[in-house]
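The values are calculated or read from the model by the stated rules, or taken from the named source; none is laboratory data. Quick caveat, the model's predicted, so the values are computed rather than measured. Note that we place each Cβ from the backbone using ideal geometry, even for glycine, and neighbour counts take in every protein chain shown.
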Amino acid sequence: MLRSVKFSLLAVAAAGALALSASVVPPADAQSKEPIKIGFGMSLTGPLAANGKQAMLGMKIWEEETNAKGGLLGRQVKLVSYDDQSNASTIPGIYTKLMDADKVDLVVGGYATNMVAPTIPVVMQKKKTLIGLFALDANSEFHYDKYFSVLPTGPTPKTSFTEGVFQAAVKQNPKPTTIALAAEDAEFSRNACEGARDNSKKYGFKIVYDKSYPPSTTDFTPIVRALQAANADVVIVCSYPLSSVGIVLSAGEIGLKPKIFGGAMVGLQATVFKQKLGTKLNGIMNYETWVPSEKMLAPAADFFKKYQARAGAEGVDPLGYYLGGWGYAYINMLGDAITATKGTDDNKIAEWLRKTHHKTIMGEWDYGANGEWTKSSVMQVQYHSIKEGAGLETWKGMSYQTVISPDDLKTGDLIYPYEKAR
């Protein structure tokens, strides 16, 4: 959602809920007590569905596990969900219906900045706690004290998605000096590109190209040709899945050859897009939030065994590395809050979330200003050595990717320039 229209979305919410049909995940075992109902929207159709469906399966696994153990506080839990269709305009109606008609006890945000940003003003009216999933700096203008982000971006969210690119670039000899920026005109990508501009100043790069393009773009050739004409040493693209794929394909066709290419492209983390792009990924340096390295997989191994055993039947990403584990982690964190506070009071849950050191299958974190993490753990990963016909066994491991940053998660060095990894 564009920030300039957030108040109009409030008006939409106040006018009434959209006519939607709920998808209610049934409890594992009926009990005499009313279940604890947790409501949310999730992108199950539209361009964000490949990721939203992963998160949904992770949440369902948590629900089933929790109910099999007797629920929370002696009550079963029930997830009440609506498909937001990857469309921010559905959000006010969804969350108004959840709170006013469905009478859910608690809400969580759906997936991605574009969906979470319009959720915040709606839940603020009801003073509900909100945990957002992979929303980049969504609370920077609202400063809502009951908002908490599950995204490893740390105290400076906008710069975190691309800072690893700059940190790697300044270590090269000779050091690259110019940069080109291309951003999809959407909430996440605008925020990430703003952060890239700040990083350019911080690390002493000259911006020679800086333009956005509409989300409706289908022909990326003109964009890539403009990037090629700019002849920058570093090309950073900030985009959502469909344009990420389109730009990578066009870059391969045209022969775009900067010294570093990548940055903040959503979608390249999903198995379906890895399969589609294959060798065209070689050399690209892009953000990641989790990889199956030995260190990171250890606490999450049991979950991913369950997820991957069910992925085929559920029709979701077969590995679930990008959103499956995080979907489980963020709803599990809310479950821990319910248990710790012995209820569903939003004020008590918010206070507990704010003060607690959280340990999850996907990592550990604490909360600071605006509900962001106190420390960033966003990675920059470079793809390499991908062969024609690479399949699931390749994407399941680490043979095709190297973690370049941060230092405590690093698994190797950058192949530089980009063309050497092609």
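Here Thr153 meets each of (1) polar (S, T, N, Q); (2) surrounded by fewer than 23 Cβ atoms within 10 Å (Cβ to Cβ); (3) under 16 Å from the mean Cα position of the chain (by Cα) with one exception, condition (2).
Taking the criterion of being touching a strand residue (DSSP E or B) at 6+ places or on another chain (Cβ under 7 Å), of a type outside the set (S, T, N, Q) and within 21 Å of Gln172 (Cβ to Cβ), the residues of the stretch 198-226 that qualify are Phe205, Lys206, Ile207, Val208, Tyr209.
The sole residue among Glu393, Glu351, Glu388 that is of a type in the set (D, E, K, R), more than 30 Å from Lys175 (Cα to Cα) and in a loop (DSSP other than H, G, I, E, B) is Glu388.
If you go through the stretch 320-367 and keep only what is hydroxyl-bearing (Ser, Thr, Tyr) and touching a Gly at 6+ places or on another chain (Cβ under 6 Å), you end up with just Tyr328. Among the numbered conditions (1) surrounded by fewer than 24 Cβ atoms within 10 Å (Cβ to Cβ); (2) not assigned by TED's automatic domain parsing to the domain that holds Met333, the only one that Leu181 does not meet is (1).
Looking only at the stretch 123-157, which residues are assigned to a helix (DSSP H, G or I) and out of contact with any Gly (no Cβ under 9 Å at 6 or more places or on another chain)? Result: Met124, Gln125, Lys126.
Checking every residue in the stretch 357-365 against the condition of being in contact (Cβ under 8 Å) with a residue 24 or more places away in the chain, among the charged types (D, E, K, R) and assigned by TED's automatic domain parsing to the domain that holds Trp62 gives zero matches.
The stretch 161-242 holds strands (runs of 3 or more DSSP E) entirely within its bounds, and those carrying 1 or more residues that are within 30 Å of Ala50 (Cα to Cα), within 27 Å of the chain's Cα centre (by Cα) and aromatic (Phe, Trp, Tyr) map to 206-213. Residues in the stretch 116-141 that are under 18 Å from Pro152 (Cα atoms) and either surrounded by 24 or more Cβ atoms within 10 Å (Cβ to Cβ) or not assigned by TED's automatic domain parsing to the domain that holds Tyr82 (or both): Val116, Ala117, Leu130, Ile131, Gly132, Leu133, Phe134, Ala135, Leu136, Asp137, Ala138.
Taking the criterion of being crowded, with 20+ Cβ neighbours inside 10 Å, in a helix (DSSP H, G or I) and hydrophobic (A, V, I, L, M, F, W, C), would at least one residue in the stretch 73-86 satisfy it? Looking through the stretch 73-86, none of the residues is crowded, with 20+ Cβ neighbours inside 10 Å, in a helix (DSSP H, G or I) and hydrophobic (A, V, I, L, M, F, W, C).
Total residues in the stretch 369-387 satisfying the condition of being charged (D, E, K, R) and out of contact with any helix residue (DSSP H, G or I) (no Cβ under 9 Å at 6 or more places or on another chain): the figure is 1.
When restricted to residues that are within 16 Å of Thr279 (Cα to Cα), in contact (Cβ under 8 Å) with a residue 12 or more places away in the chain and among the hydroxyl-bearing types (Ser, Thr, Tyr), the stretch 377-422 contains 6. Just one of the listed residues (Gly371, Gly397) is surrounded by fewer than 20 Cβ atoms within 10 Å (Cβ to Cβ) and either in contact with a Cys (Cβ under 6 Å, 6 or more places away or on another chain) or among the small types (Gly, Ala, Ser) (or both), and it is Gly397. Being more than 17 Å from Asp145 (Cβ to Cβ) and modelled with pLDDT of 95 or more is the requirement here; does Ile338 meet it? So Ile338 fits the description; yes.
Assess whether Val116 counts as being farther than 24 Å from Met99 by Cβ and part of a helix (DSSP H, G or I). So Val116 fails the test. Taken as a whole, the stretch 341-351 holds no residue that is under 17 Å from the mean Cα position of the chain (by Cα), hydrophobic (A, V, I, L, M, F, W, C) and crowded, with 23+ Cβ neighbours inside 10 Å.
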